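Novice: My structure is below; once you've seen it, I'll send some questions.
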Amino acid sequence: MTTLITGGTGRTGGSLARLLHAADRPFLVASRTGKSSNPDFKAVTFDWFDPSTYENAFKDDIVPPVDRVYLLPPGGLMATLTQSGPFIGFAISKGVKRFVLLTSSQTLRGTPALGEIHQYLIDKGVEYTVLKPTWYMQNFNANFLHSIRKDNEVFSASGEGKVPWVSTEDVAQAAFDALTIEKSPNTEWLVLGPELYSIDHAAELLSSILGRKITHKKNTALEQEEMYKGMGAPPDLSHLLADLERLIKEGKEAALVDQPAEGKYVGKRILEQFFLENRDLWIV
Ligand SMILES: NC(=O)c1ccc[n+]([C@@H]2O[C@H](COP(=O)([O-])OP(=O)(O)OC[C@H]3O[C@@H](n4cnc5c(N)ncnc54)[C@H](OP(=O)(O)O)[C@@H]3O)[C@@H](O)[C@H]2O)c1
């Protein structure tokens, strides 16, 4: 059994590839270039928007055949079933039995975009696990990287709200478990980190690690939406991101830690460790 990793050159997919490699489990990285970030990892050309690439993962020379897939649908939080359904259906027709789908903590089954893909897996009767991560620690070295380096600032519409920040490596560990466990969980897991931090508190922690003051600029949801648009994000995504930050402010992300244990996957990595390990990125 081989696992096909869509988004296999990305953060969660790349970590998943390393975990499968370390466990000596066969896997195949899917990427638009047909290359993996690690030359030792086998890769195939795959583009969600080009059905002629779907067959590549199912050719006769892929031994053992692909029978499970990590799904990172294109378009992130705005991913649609119209775009991702054709490949999922194709994979099922080729014998794939198990899927692990990445959505997000506030995505409800059956709701537009990612929630429809979640429902589609259930309707198809395949083995599945839907991973619903909270906000990634790695946002501090992506979305926030430039503003921390340039303005010593993190900006959000999340006010004093707290987040159980999770590492993408722990999201990958959840994916690994769901893909390799003998009996498929056939459920959804909130994927959370072990500690709650507001952005104020995270900025204080980062300040002490960097030895310079990092502040949290508190925007309204509308200001935040405009800011995302100014950074080049499409209007609908800008609106969604600002709205998700409003939910943090209202305590909805912090409340996830009180959900029943069986519906949660709690990672091990903590924010302080992440800041210490990546300290050089924010040094100017
Ligand atoms: N940021 C957060 O706090 C947060 C929280 C919860 C959930 N999420 C979810 O996590 C997702 C990102 O996951 P991630 O961090 O693992 O991904 P990532 O590092 O952003 O990587 C995205 C991957 O998608 C691949 N890709 C892009 N377009 C493609 C296409 N047309 N066909 C095939 N592959 C394509 C890229 O591979 P190639 O370029 O090599 O083809 C890349 O490997 C978000 O989209 C969001 O839905 C994020």
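Novice: K217's amide H: which non-local residues (gap 5+, or another chain) put their own amide H closer than 5 Å, with H modeled 1.01 Å from N in plane and none for Pro or chain starts?
Specialist: Excluding prolines and chain starts, which carry no amide H, the hits are V154, F155, S156.
Novice: Give me the one-decimal nm value for the distance between modelled label points at L237 and E55, 7 Å along each residue's Cα-to-Cβ direction.
Specialist: 3.2 nm
Novice: Largest first, what is the accessible-area ranking of Y70, Y120 with a 1.4 Å probe?
Specialist: Y120, Y70
Novice: Could I ask something else about it? Quick check for you: which residues of segment 42-56 have the amide N under 12 Å from the point 7 Å beyond the Cα of Q83 toward its beta carbon?
Specialist: The answer is 48-50.
Novice: Pull up the DSSP beta bridges for the chain and report the antiparallel fraction as a percent, rounded to 5.
Specialist: In the chain, approximately 5 percent of DSSP beta bridges are antiparallel ones.
Novice: Then there is this: Between K229, K150, K124, where does the largest GNM mean-square fluctuation fall for the chain, given springs only between Cα atoms within less than 10 Å?
Specialist: K150
Novice: Here is a further query. Starting from the 7 Å offset along Cα-to-Cβ, what nm value, one decimal, do you get for the label separation of H146 and K252?
Specialist: 2.7 nm
Novice: Oh, and also: Once neighbouring chains are kept in place and the probe is 1.4 Å, which whole percent of the accessible area of segment 8-161 is contributed by carbon and sulfur? Don't skip to the end; give the middle numbers.
Specialist: Details: 3450 of 6760 Å².
Reported share for carbon and sulfur atoms: 51 percent.
Novice: What relative contact order, as a whole-number percentage, does the chain give when Cα pairs under 8 Å and 6 or more residues apart are counted?
Specialist: That works out to 17 percent.
Novice: Angle between the Cα long axis of helix 11-22 and the longest principal axis of the chain, 0 to 90 degrees, nearest 10?
Specialist: Result, in degrees: 50.
Novice: For D123, D177, write out the residues from largest to smallest accessible area, computed with a 1.4 angstrom probe and no ligands counted. If you can, show how the numbers build up before the last one.
Specialist: On the way: D123 110, D177 50 Å².
In descending accessible area the options line up as D123, D177.
Novice: Which pairs in the list K150/K249; K35/K59; K150/K252; K150/K217 are over 21 Å apart, alpha-carbon to alpha-carbon?
Specialist: Long pairs (Cα-Cα over 21 Å): K150/K249; K150/K252.
Novice: Can I ask one more? Run the reach check for K183 against lysines, Cα to Cα strictly under 18 Å, same-chain hits fewer than 8 apart removed. What comes back?
Specialist: Within the straight-line limit of under 18 Å, K183 reaches these lysines: K97, K124, K264.
The values are calculated or read from the model by the stated rules, or taken from the named source; none is laboratory data. Everything quoted here is computed from the prediction, not taken from an experiment. Don't worry about glycine lacking a Cβ; one is built from the backbone with ideal geometry, like all the others, and counts go over all protein chains shown. To get the accessible areas, we keep the full protein, side chains included, count just its heavy atoms, and leave off ligands, DNA and RNA. Shrake-Rupley method; radii C 1.70, N 1.55, O 1.52, S 1.80 Å.
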